[in-house]
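Input: a single structure, listed below in structure tokens.
The values are calculated or read from the model by the stated rules, or taken from the named source; none is laboratory data. None of the values given here were measured: they were computed from a predicted structure. Cβ atoms come from the backbone with ideal geometry, glycine included; neighbour counts cover every protein chain shown.
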Amino acid sequence: MRRGLLWLGALLLLGGCASSRPIDEIQIIQQMGYDFEDNHYVGTAVYPTFKQGSMTKPNMLTTSSPTVYDLIPRLSSKSALPIEEGQLRLILFGKQFAERGIEQITHSLARNNKVGSHLFLGVAEGSAKELLEITAKTTLSDTLYLPNLVKQNEQSMNLPKTNLHLFLYRYFSPGSDPFLPYFEKKGEFVKLEGVALFRDGRYVGRVSLRDSFLMKILLGETKNGVYQLKVGERGKQGEDRVMLQNLWAKPTYRWKRDGNRHTLDVSVHIHASVKDYPSWLDEPGANLFADVKKKMEKELEQNMRRLFRYFQEKRIDPLGIGDFVRSVTRQWDRESFYREYPDLDIRPRVTVDIIHTGIGE
Amino acid sequence: MFVGLFSFWKKKKKHPPQRPISQLWETLRQSSDFVELSFIVGGKELSIYYFDSLVDPQVLQERILCHLQNDIPNHPTVRLEDLQQIVPIQRIEVSEDTALIEEKVLKGFVAVTFREQPNKAALMSAAAENLGLRENNDSENEFNVVGPKVGFVENVGVNLHLIRRQVVTPNLVFREMSIGSVSKTKVVIAYIDGVANPEVVQTVTQRLESIHFDIVFDNAILDQLLADNSRTPFPLFISTERIDRAIYALVSGQVAIFCDGSPYAVIGPAALFDFFTSPEDYYLPWVLGTFFRLIRFFGVMFSVLASPVYVAVLTYHYEMIPEDLLGPIIYSRSNVPFPPMLEVLFLEITIELLREAGARLPTKVAQTLGIVGGIVIGQATVDAGLASTILLIVVALAALASFTTPIFKMSNTIRFIRFPFILFAACWGGIGIIFAVCGLLIHLGRLQSFGYPYLLPFYPFRVRSFRDTFIRSPYSETAERPMFLRPQSRFRYDPNAAKQKRDIDE
């Protein structure tokens, strides 16, 4: 009896310590934007108000502050319910903000146990606020337009996989640099425009969506993505291009010492289907695809070389070459590797196997 | 006069003084249904005593009175001990023991005394055994679609008959005893000698013998008095009204206890997993049997955990709600004025009320009540904003899932243990649920049934006995009895013959 009372007392006393957050008494924010304008940080939070079915609408809260940490408390002063970030799905950084560095945010996210590591991060060309306003205004019932857009493009299109976890991994890894999806405002719509590249948490450049296909392959993501290639010189624009769809690709890196210099051989094997192609390719008897294949390989190699060149010039390593080299080198030294990195001889070699021609899916 | 009622006093005295038999008749004469006939036949003065309400008049007239009156004149020297030659009734007993005579007369025996043997009485059974009792039982409380529909009835003799009809072996042993200072209920222990562990049989006998109770209304009372731990909400013995289940238990080496006046057999030692098996599992192909058994286990887990998880997630862990579910949950909760715990308690208690009311009402009314309660109250609760739609579904499914347990006692337990879980979930969220689960496991691990661990074959771990827990293995694999019961003989049937493949050319 006394033991029972003791238990009950402990239960009640300890129960008082837990901080409960009943789901209908908090303001769940799903998207967050950070901007830097006129020496002030601007924070934008998108929160949904749930109504029946299609009546659900995203709403916005905006505030500005001279410091970053102050933004969420300041947002709270505009909200009827306590703001909770546990359901965050996307954080968007304005380009200016990203150029000043996003470590402050990611560092706090890394330690925040409420936020899942599946959170998407992204960079907006202009201001993040503007972009979020557009998505909030759209009559689509989808309160998670941007996160879904990123997810869809990662799963079936050219965007390499990114999320908070991968960002932090690449950020803290000595041999690679992080990258994030890059958005632009196009009229009344938001468009994914490629990949934003970071060095030490600062935005330094970007890669187009077309080139991000190559990035995706070089990162070792084996499936999905489309790539358009020029294969002839006949007539109008659309008539001499083929649309390549990646079915399965595998990059193989090889680190070699060539005299005094190091070289990196990158051989990529792509199994691709040709989705759309000009009608003249269909001539009976002629084995035109062999020719097309050669052209494709050449162009892919060239574009890869250009991409590597660009990374080397920017002194960034989003592909994690440093990590690869570390894995095959004893006593790898970060300093000396990246001193050598801009002059590294990287030799991409592409082989394309065309399968599935003719009938589309 | 109150000797019967206060006989437990009597037991304290070492040797109660023997009362004269006449005093007994004096005591019994107070009841109006006690009949005393005295007459003289062939020069013999004899008296017959019986209770009118307990005796079958036909037996009394045709077997006893008729023969006494007609045949005694032909045997002038007959003594009480010789009555068996005259009266065609089995097992006539002659006794001087007043206590025995009293008990037998109270059980529907007819006592015959001769003038020249004043302290002795011949006891002849003329009890109307089935008077006022059910003749048959369709085992509707433990219903199976496939399999026999006959269940045990209140008459223990019939029950023993039903068992012996299928277990045709001299090793089937029935041990009878009488329990209850007032009711003197006939209790029978049944086991198969050479299969059941003698230690278990001894434990059961000992425990039954040491029971001091006045009236045994039902086997359920014995069940509680026998239990190793009286504080647990878990039933420690299976109680079943199905014959197939009882026989299966006997064959596996368990012991069954029957009790006059109860249509249930109490079976022990029982493990937790026995409560989730249904005889139907064995009548269906093993794949289906296994599937339904797994569904049942899932149902139990769901039933216990669904509403606590709802409480925990909505109160503490909004982070883990999938994004597509966020809208519906928040929307349906937006009008509810209570915290999730009160909302859940409100609905759970509503369902418990419905179930309790349904059980107390006559069947026809209960059906209507079920519909009114289920549909009208449920819908109205949501419309009135007292509970959310999603919770209504969760609670209804949890209630439904708790009905899948084949043994009623276990399903009651499952109904009950949900509430502490909800309390823990409301106090500490997910950690609270884990805490409650741990507490439950600790409790289960400590339970025993006739001295056997309750969590067998999980704790202690017995791999070979898993053939018949989660999976109902095919009959080629189940020849071996569960070894944790320590049966005296290892196989139920020839395991090699069961495994033989019958090819076409044989």
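Return yes when A:Thr162 is within 30 Å of A:Thr49 (Cβ to Cβ), over 12 Å from the mean Cα position of the chain (by Cα) and part of a loop (DSSP other than H, G, I, E, B) and no when it is not. So A:Thr162 does not fit the description; no.
Within the range A:326-346, can one find any residue that is under 21 Å from the mean Cα position of the chain (by Cα) and in a helix (DSSP H, G or I)? No, because not a single residue in the range A:326-346 is under 21 Å from the mean Cα position of the chain (by Cα) and in a helix (DSSP H, G or I).
Do you know which of the residues in the range B:317-351 that are under 21 Å from A:Gly15 (Cα atoms) and buried (at least 19 other Cβ atoms within 10 Å of the Cβ) is farthest from the other protein chains (Cβ to nearest Cβ)? Result: B:Val344. State all residues of the range B:357-367 that are part of a helix (DSSP H, G or I) and exposed (fewer than 12 other Cβ atoms within 10 Å of the Cβ); if no residue qualifies, say none. Across the range B:357-367, the qualifying residues are B:Ala359, B:Arg360, B:Thr363, B:Lys364. Count of the range A:42-53 residues, restricted to those that are touching a residue at least 12 places away in the same chain (Cβ under 8 Å) and surrounded by 15 or more Cβ atoms within 10 Å (Cβ to Cβ), is 7. Each residue in the range B:128-158 was checked for being among the hydrophobic types (A, V, I, L, M, F, W, C) and either under 16 Å from B:Thr240 (Cα atoms) or not in a loop (DSSP other than H, G, I, E, B) (or both), and 6 pass. Of all residues in the range A:42-54, those that are facing chain B (nearest Cβ under 9 Å), of a type outside the set (Phe, Trp, Tyr) and over 18 Å from A:Lys78 (Cβ atoms) total 3. When the range B:160-198 is filtered for residues that are in a loop (DSSP other than H, G, I, E, B) and either of a type in the set (S, T, N, Q) or out of contact with any strand residue (DSSP E or B) (no Cβ under 8 Å at 6 or more places or on another chain) (or both), the ones remaining, listed by number, are B:Val168, B:Thr169, B:Pro170, B:Asn171, B:Gly180, B:Ser181, B:Val182, B:Ser183, B:Gly194, B:Val195, B:Asn197. Could we say that A:Gly187 is in contact (Cβ under 8 Å) with a residue 40 or more places away in the chain and among the small types (Gly, Ala, Ser) here? So A:Gly187 fails the test.
Just to be sure, is B:Leu314 in a helix (DSSP H, G or I), within 9 Å of another protein chain (Cβ to nearest Cβ), in contact with a Lys or Arg (Cβ under 9 Å, 6 or more places away or on another chain) and free of Cβ contacts under 8 Å to residues at least 40 places away in the same chain? Yes: the conditions hold for B:Leu314.
Cβ separations smaller than 7 Å between residues 6+ apart or across chains give the following pairs from the range A:264-281 residues that are free of Cβ contacts under 8 Å to residues at least 60 places away in the same chain to residues that are of a type outside the set (Asp, Glu) and not in a strand (DSSP E or B): A:Trp280/A:Arg234; A:Leu281/A:Leu288; A:Leu281/A:Val292. Of the residues making up the range A:88-114, those that are touching an Asp or Glu at 6+ places or on another chain (Cβ under 6 Å) and either part of a helix (DSSP H, G or I) or within 14 Å of chain B (Cβ to nearest Cβ) (or both) are A:Lys95, A:Phe97, A:Lys114.
If you go through the range A:103-124 and pick out every residue that is within 15 Å of the chain's Cα centre (by Cα) and surrounded by 19 or more Cβ atoms within 10 Å (Cβ to Cβ), you end up with 7. Residues of the range B:71-97 that are surrounded by 13 or more Cβ atoms within 10 Å (Cβ to Cβ) and basic (Lys, Arg): B:Arg79 alone. Suppose the filter is within 26 Å of the chain's Cα centre (by Cα), assigned to a helix (DSSP H, G or I), without any contact (Cβ under 8 Å) to a residue 40 or more places away in the chain and not assigned by TED's automatic domain parsing to the domain that holds B:Arg355; does B:Ser411 pass it? Answer is no for this residue. Of all residues being free of Cβ contacts under 8 Å to residues at least 12 places away in the same chain and of a type in the set (S, T, N, Q) in the range A:19-41, which is nearest to the other protein chains (Cβ to nearest Cβ)? Just the residue, please. Once the filter is applied, the top-ranked residue is A:Ser20. Evaluate the following for A:Lys137: is it modelled with pLDDT of 90 or more and out of contact with any His (no Cβ under 6 Å at 6 or more places or on another chain)? Spelling it out, it is not the case that A:Lys137 is modelled with pLDDT of 90 or more and out of contact with any His (no Cβ under 6 Å at 6 or more places or on another chain).
Name the residue that is modelled with the highest pLDDT, counting only residues in the range B:453-506 that are of a type in the set (A, V, I, L, M, F, W, C) and part of a loop (DSSP other than H, G, I, E, B). Checking each candidate, the answer is B:Leu455. Annotation: of all residues in the range B:48-70 being surrounded by fewer than 17 Cβ atoms within 10 Å (Cβ to Cβ) and more than 26 Å from B:Thr27 (Cα to Cα), the one that is nearest to the chain's Cα centre (by Cα) is B:Gln58. Condition check for B:Leu225 on (1) touching a Phe, Trp or Tyr at 6+ places or on another chain (Cβ under 7 Å); (2) in contact (Cβ under 8 Å) with a residue 60 or more places away in the chain; (3) closer than 29 Å to B:Leu440 by Cβ: one failure, at (2).
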